[in-house]
Amino acid sequence: MTSTVLFPSLLGYDTWHALPTAVQAMHGAAPTLRARGIADVAGAGHFAARCLRRLLGLPPPGAQQALTLTIERHGTREIWTRRFTGRRMQSMLDRRPGSSLLYERLGPATLGFALRRDGDAIDWQLRSLHMLGMPLPRALRGLVISRSGTRDGRYHFSVDVRLPMLGQLIAYEGWLEPSTDATEHPSPVIVFDGVCLLCSRWVRFLLKHDHAARYRFCAMQSASGRALLLAHGLDPDSPLSFLLVEDGRGYTDSDAIARVFLGLDRRRWRWLSRTLSLAPRWLRDPLYRAVARHRYQLFGQSRHCFLPTPEQRERFMP
């Protein structure tokens, strides 16, 4: 594998196998990898920095941006397509015969990196920079700090690019998890906290009153639940995460609660949905989040995820 896959071939067998599993999964041999996560993006706000970011396809600054990544591998060539909130960023990574550098082409720029292991992370050290095929002298390369490793068991990345006279062009940091195919479903799916006693009562209520068996359920602690939350820009480890996925669209907070009631087949629940929707979001969302944030203290927590009965099992995703 080390001779035909980009990152293992550049790092070497011993170094590659000393890295954490989460790093190997992201930079390994899968022909296609899809991952989802969250990123904080920063950068200078002046006109020149904004123009250069747009030229290179870099995302605009913003906190807690939903991020999806698709990596397509063809031998040692990899095409990375990142989709931040509001911007698509694509680059091609490869190595050249006789060179020990990783080359990343991003718009008109080509960057050459030496990859080094630093503890449980890969340190990307900039060695060359070409713009429109012309090499730039070291004084004009600026400073590029890039690392990919792990944090809290998940793949974590950080990139900081600073250029002479421009300042911080871009800096983004966050986490990614490989996603499953469980992000699209014909039936509405409710993602809930499987160890929250309040959430378990909510699911039992819906199982009782959803006579048409319209809704399916998925615990946020499951692989499918994490994938769905990530697909809609939510943190799977946040106590505030609650999600309804319907017709490919995600609903959260009090909007999700109101829409769930709207989908039940008794008139009184639809009236309740419309009554909730009459209240302004600036009032109902903070109330919902306050309860969600303190639900373990108020209603208790189970040591095990919610377990459906054998008759209910087909309505629950793994």
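Where a number appears in this text, it was derived from the coordinates with a stated rule and is not lab data. The structure displayed is predicted, hence computed values, not measured ones. With ideal geometry, Cβ positions are generated from the backbone for all residues, glycine too; neighbour counts draw on all protein chains shown.
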For the chain, give the share of DSSP beta bridges that are antiparallel, in percent and rounded to the nearest 5; count only bridges with both residues there.
95
Suppose R0 equals 41 Å; then what is the FRET efficiency for residue 48 and residue 281 from their Cβ-Cβ distance, rounded to the nearest 0.05?
0.60
Fewest to most Cβ atoms within 10 Å: 311, 104 sort as 311, 104
Segment residue 40-residue 114, extension gain: residue separation times 0.36 nm, minus the distance between their alpha carbons
24.1 nm
Highest mean packing first, using Cβ neighbours within 10 angstrom, the peptides 131-138, 167-174 sort as 167-174, 131-138
Remind me, what semi-axes does the chain give for its equivalent ellipsoid, largest first in whole Å, using sqrt of 5 times each Cα gyration tensor eigenvalue?
43, 23, 16
To the nearest 500 deg cm²/dmol, what mean residue ellipticity at 222 nm is calculated for the chain from DSSP H runs of n ≥ 4 alone, each contributing -39,500 (n - 2.57), summed and divided by the residues?
-8000 deg cm²/dmol
Gyration tensor (Cα only) of the stretch 85-180 to equivalent ellipsoid, semi-axes in Å sorted down, yields 23, 17, 15
Full extension from residue 302 to residue 29: what is 0.36 nm times the residue separation minus their Cα-Cα distance, to one decimal in nm?
94.4 nm
Residues whose modelled amide H sits under 5 Å from the amide H of residue 122, counting only those 5 or more places away in sequence or on another chain, are 148, 149
If you consider only alpha-carbon coordinates, what radius of gyration and Dmax does the stretch 1-117 have, in Å?
15.5, 46
In Å³ and rounded to a whole number, note down the convex hull volume per residue for the Cα atoms of the stretch 99-239.
159
Here the FRET efficiency for residue 313 versus residue 14, based on Cβ atoms and R0 = 45 Å and rounded to 0.05, is 0.45
Between the stretch 94-161 and the stretch 267-312, what is the separation of their alpha carbon centroids in Å?
46
Cysteines of the chain lacking any other cysteine beta carbon under 4.7 Å?
51, 218, 305
Scoring the stretch 189-315 by relative contact order with C-alpha pairs under 8 Å, at least six apart, yields a percentage of 32
